[in-house]
Amino acid sequence: MPLALLAAPALTSCDTTPRERQEIVRNEARNLDSLADRTAATLKNAGRRAATFDSVSRSRNRQPLDNTSLETFNAELLGIFSGIEQLTPSTIEPAYKQFLQQVRARRKAWTQRDWDYATAIYKRLNARLNAVRLDVKGRNELHIRALQAEFTAMETSRDVKDLGQAVKN
């Protein structure tokens, strides 16, 4: 690389006075301050919206689920396996499969409250699994674990999506 190209930036700064360079630095500092102020305001608004979303979620979670709606959801999501307390080691895995098939099919139209009902059913399924776990075949338990991971991923994805929209708006 020619020496003239390396020296070019140094020579152009020699064409200005210290006072001119000082003014350039002041202007750039003002631009950075303005940018920082705008970014801080944006972050403050996003934080306020996230806090509002969190507050609304906590309030919703404190509201008890309606038993009639819960039973309706239970019947829709579990079909013939809706009697969770009667599930046996051989029927628990098909119940999870049925549950996840229905969740996959319906999740895009669900509200956060609908997810609350699905989560309540999921917790009941998990409690029943814990009660019969010692008699469940290892192969079936592995499949159930995969289905549980899928449900958790779908639920978390919806929470993140809703939080992102709340922060954006």
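Just so it is clear, none of the values below were taken in a lab; they were calculated from the coordinates. The structure presented is a predicted model; accordingly, all values stated were derived computationally and were not measured. Cβ: placed from backbone, ideal geometry, glycine included. Neighbour counts: every protein chain shown.
Over the chain, dividing the summed -39,500 (n - 2.57) contributions of all DSSP H runs of at least 4 residues by the number of residues returns a 222 nm mean residue ellipticity of -28000 deg cm²/dmol.
Region 100-169 and region 58-79 have Cα centres lying 14 Å from one another.
Just checking the listed ones, Pro94, Pro18, Pro64: in the Gaussian network model of the chain with Cα springs under 10 Å, the one fluctuating most is Pro18.
This ranking places Thr91, Thr111 by how few other beta-carbon atoms lie within 10 Å of each, fewest first, which gives Thr111, Thr91.
Ranked by how many other Cβ atoms sit within 10 Å of their own Cβ, fewest first, the residues Asp33, Asp162 fall in the order Asp33, Asp162.
Residue exposure proxy: Leu32, Leu77, Leu163, ordered by other Cβ atoms within 10 angstrom of their Cβ from fewest to most, comes out as Leu32, Leu163, Leu77. With viscosity 1.567 mPa s and temperature 4 °C, the Kirkwood radius over alpha carbon pairs of the chain converts through Stokes-Einstein to a diffusion coefficient of 62 µm²/s.
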